[in-house]
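Please read the structure below before turning to the comments.
The values are calculated or read from the model by the stated rules, or taken from the named source; none is laboratory data. Quick caveat: nothing in here was measured; it's all calculated off a predicted structure. So basically every Cβ, Gly included, is an ideal-geometry build from the backbone, and we count neighbours across all protein chains shown.
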Amino acid sequence: MKDAVVSRHMRYVTKSLVFGRYDLYGAAMFKTRHIIAVSTAALIAMATASYAVSSSLSDNAEDHQAAAWGAKAVAYQKTMLDETQDIDAFAAQNTHMSISRDYAQIEDLIPVTYVHRQAAEFIRAEQNCLAKAVYYEARSESRSGQMAVAEVVLNRVKSKHYPNSVCGVVYQGSGRTTGCQFSFMCDGSMNKMPKGKLWKKSSDIAAFMYTYDGKPFTHGATHYHTTAINPKWSANLRFDRQIGTHKFYRFNFTERSVVNAPPIAIAPPI
């Protein structure tokens, strides 16, 4: 009867050791070590109990079996500790290699400074102003028509007759009683916030046109109006072309390049 009890306990301890060995290769390293320690202690305890039973029965064969289980427990504990140390060393080496690799990837990058952040904020504000001009002036136009409107704003930035920033051009005249350069700034259109797919499209076009350096949509047009009106100022300008419901105009003279107009930056200055 006592031998059967000892045998059942031995099978339970053996299962615990096997599952503890599998867990050793998982992420729960500390839990595995705890299982090893508990299992080893249980194995030693059972070996001691077996030895006590065998002593009481004065059976030399059982004495030998208990001693053998004790030796196996010590050997198993040593093996588990050696494997744990090997895994810890391997993990530490991998971590060191990962840190070295990541550092090598970023060591040549330019650190972000206040100047870079300021330049990024300026570009974002410029693109937002350009997106508003496209949205309020031409959101119902075709893509080409919207790009042409954005181009007019950018052409004014390059001209010495207008402010040298997108927001300066778009908001020009909004604080004067003589009227705004762009009607949406003074007719209450901005009381309705831009939203939806049309605003997303206008923002995408503004971001694209802000850095666009391809074939122009107009020949340097700085003015436009819809086909529904015929303003007096159009008689003093040269008609360029019509795109959608907008007619585009440029100056009658050839304007020299403006040296004081800042370049449209694709990336913050270094």
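See the values below:
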| read-out | value |
| --- | --- |
| Evaluation of V134 against (1) surrounded by 11 or more Cβ atoms within 10 Å (Cβ to Cβ); (2) among the β-branched types (V, I, T); (3) farther than 30 Å from T245 by Cβ; (4) at pLDDT 65 or above (one fails), failing number | (3) |
| Residue in the stretch 117-131 that is modelled with pLDDT under 90 and either farther than 22 Å from G214 by Cα or assigned to a loop (DSSP other than H, G, I, E, B) (or both) present | yes |
| Positions within the stretch 171-186 being more than 39 Å from the chain's Cα centre (by Cα) and within 26 Å of S142 (Cβ to Cβ), in sequence order | C180 |
| Selected residue (only one of S174, S189, S159 is in contact (Cβ under 8 Å) with a residue 40 or more places away in the chain, more than 20 Å from D240 (Cβ to Cβ) and not β-branched (V, I, T)) | S189 |
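Let's see how each residue does on (1) modelled with pLDDT of 95 or more; (2) closer than 19 Å to C167 by Cβ; (3) among the basic types (K, R):
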position	(1), (2), (3)
S183	no, yes, no
A207	yes, yes, no
T211	no, yes, no
K215	no, no, yes
G220	no, no, no
N236	no, no, no
I243	yes, no, no
Y249	yes, no, no
